[in-house]
Amino acid sequence: MIETSSSERLREFGPAQYIAPYLLLVIGNAGVQKAPASDRPVLFWVFTAIAALGAASAVVRLRRMGDAHQRRALPAWTRFLGVLLALYGLYVASCVADGIAG
């Protein structure tokens, strides 16, 4: 039983867990770039909300990953995916800020 619970915890940090934040950030970023605030304000704010949801889910994912790395040694690829997620989240945040500014 202990082995099963440890394997479930390791599965928690599989690549599939990173897909949702990435998808939300990609959709939000694409929408913000394709629907400028001056031309289509409603669509712009919908995609801004999607990007904000992606950023929030990325923060949750990164916190869980950090907690898990403090408890036990996990594969390095989980940290690499975490760094990529954080960098892409910052990029999307800058794109949204540019869209809001003008």
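The values are calculated or read from the model by the stated rules, or taken from the named source; none is laboratory data. This is a predicted model, so every value here is computed, not measured. For neighbour counting, all protein chains shown are included, and Cβ atoms are generated from backbone atoms with ideal geometry for every residue, glycine included. Protein only, heavy atoms only, side chains kept; ligands, DNA and RNA dropped before computing areas. Shrake-Rupley method; radii C 1.70, N 1.55, O 1.52, S 1.80 Å.
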Query - Point-to-point label distance, Leu84-Ser38, nm (Cα→Cβ direction, 7 Å offset) - result: 3.5
Report task. Using only Cα atoms, find the angle between the long axis of helix 2-11 and the longest principal axis of the chain, and express it within 0 to 90 degrees, rounded to the nearest 10. Result -> 20
Requested in this report: Between Val59, Val83, Val92, find the one with the highest GNM mean-square fluctuation for the chain; connect C-alpha pairs within less than 10 Å.
Outcome: Val83
Query - In degrees, nearest ten, helix 16-34 long axis to first principal axis of the chain (Cα) - result: 10
Query raised in the report: What is the distance, in nm, between label points placed 7 Å from the Cα along the Cα-to-Cβ direction at Ala16 and at Tyr91?
Result: 2.6
Query raised in the report: Between Ile27 and Ala68, what is the FRET efficiency for a Förster distance of 25 Å, r being their Cβ-Cβ separation, to the nearest 0.05?
Result: 0.40
Query raised in the report: Under a plain spin-label model, where a point goes 7 Å from the Cα along Cα-to-Cβ, how far apart in nm are Ala49 and Ile100?
Result: 1.6
Query raised in the report: For the chain, which whole percent of the accessible surface, found with a 1.4 angstrom probe, sits on carbon and sulfur atoms?
Result: 67
Report summary line: For the chain, the longest principal axis of the Cα atoms and the Cα long axis of helix 76-101 enclose an angle in degrees, to the nearest 10, of 20
Query - Top positive-direction residue, dipole computed over the chain with Cβ charges, set Thr48, Ala20, Val83 - result: Val83
**Report entry** Overall dimensions of the stretch 28-92 by Cα: Rg and Dmax, Å
**Finding:** 15.2, 50
Query raised in the report: What relative contact order, as a whole-number percentage, does the chain give when Cα pairs under 8 Å and 6 or more residues apart are counted?
Result: 35
Query raised in the report: Just the accessible area per residue of the chain, please: how many Å² with a 1.4 Å probe?
Result: 64
